[in-house]
1. Per Stokes-Einstein, at 20 °C and 1.002 mPa s, what whole-number D in µm² s⁻¹ belongs to the chain, with the Kirkwood radius over Cα pairs as the hydrodynamic radius?
2. Given the Cα-Cα distance of residue 103 and residue 131 and 0.36 nm per residue of separation, how much length would full extension add, in nm?
3. Please report, largest first and rounded to whole Å, the three semi-axes of the ellipsoid equivalent to the range 21-81, where each semi-axis is the square root of five times an eigenvalue of the C-alpha gyration tensor.
4. Among DSSP beta bridges lying fully in the chain, give the percent that are antiparallel, nearest 5.
5. Report the label-to-label distance for residue 22 and residue 9 in nanometres (one decimal), using points 7 Å from each Cα along the Cα→Cβ vector.
6. In whole Å, how far is the Cα centre of the range 79-96 from that of the range 142-171?
7. Note down the nm distance, to one decimal, between modelled labels 7 Å out along Cα→Cβ at residue 163 and at residue 113.
8. Size of the dipole of the chain about the Cα centre, Lys and Arg at +1 and Asp and Glu at -1 on the beta carbon, nothing else charged, in debye to 20?
Amino acid sequence: MTIVALGSKNPAKIEAVKEALKILKLDWNLIPVEIDSGVSKQPFCDETYIGARNRSLNAIKATGADIGIGIEGGICNVYGKFVAYAVVYAMTKDGLENFGISASFVLPRSIVSLIFQGKELGEASDIIFNTSNSKVREGAVGLLTNIIDRKTLYVQPVIFALYPIYNKSINNILF
């Protein structure tokens, strides 16, 4: 049985990985473990990739799992607008590494303003939408779109990050 360690105990991230494994028809055992990303509470641009990789690597180290997955949400300035997105990093204990990136969405100025005052995206969203702890449920993306929640946002990049691991037919071509 393949053991997969997810570097988070956030329910939205756990459910996204479970959904991706279900879609892929992979009967892998998932172990969520709380891992510090090693980056800012609200990562910007490249820091997002570093945080996701750190979570993946340290999840393997903490559990001895075959595969580590790290999911990190970040913000980046694109053409003068701040966009939010997620990076999913997957690696094997043997050193095969890959990542996937979610769709991105533009953040309203009111949320960006709070982020630049030191708030994390989830905290800023909760303030603007008068809710609490949305980052374990729908997240900013769910509050803004009313359609796509955090779990849905993460499923595809989990699949993208894992493809060199589960799709063995391509390893001799690309990796």
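Throughout, read-outs are computed from the coordinates displayed, never taken from laboratory work. Just so it is clear, the structure is predicted and the values come from calculations on it, not from any experiment. In this analysis, Cβ positions are derived from the backbone assuming ideal geometry, glycine residues included, and neighbour counts consider all displayed protein chains.
1. Working: Rh = 16.2 Å.
Here the translational diffusion coefficient equals 132 µm²/s.
2. On the way: separation 28, 0.36 × 28 = 10.08 nm, distance 2.38 nm.
So the extension gain works out to 7.7 nm.
3. On the way: eigenvalues 136, 48, 11 Å².
With the √(5λ) rule applied to the range 21-81, the semi-axes are 26, 15, 8 Å.
4. Values: 19 of 27 bridges.
If I count the DSSP bridges inside the chain, around 70 percent turn out antiparallel.
5. Using points 7 Å along Cα→Cβ, the separation is 2.3 nm.
6. Between the Cα centres of the range 79-96 and the range 142-171 lies a distance of 11 Å.
7. Result: 4.1 nm between the two label points.
8. On the way: 18 positive and 16 negative charges, 34 e Å.
Once rounded to the nearest 20, the dipole reads 160 debye.
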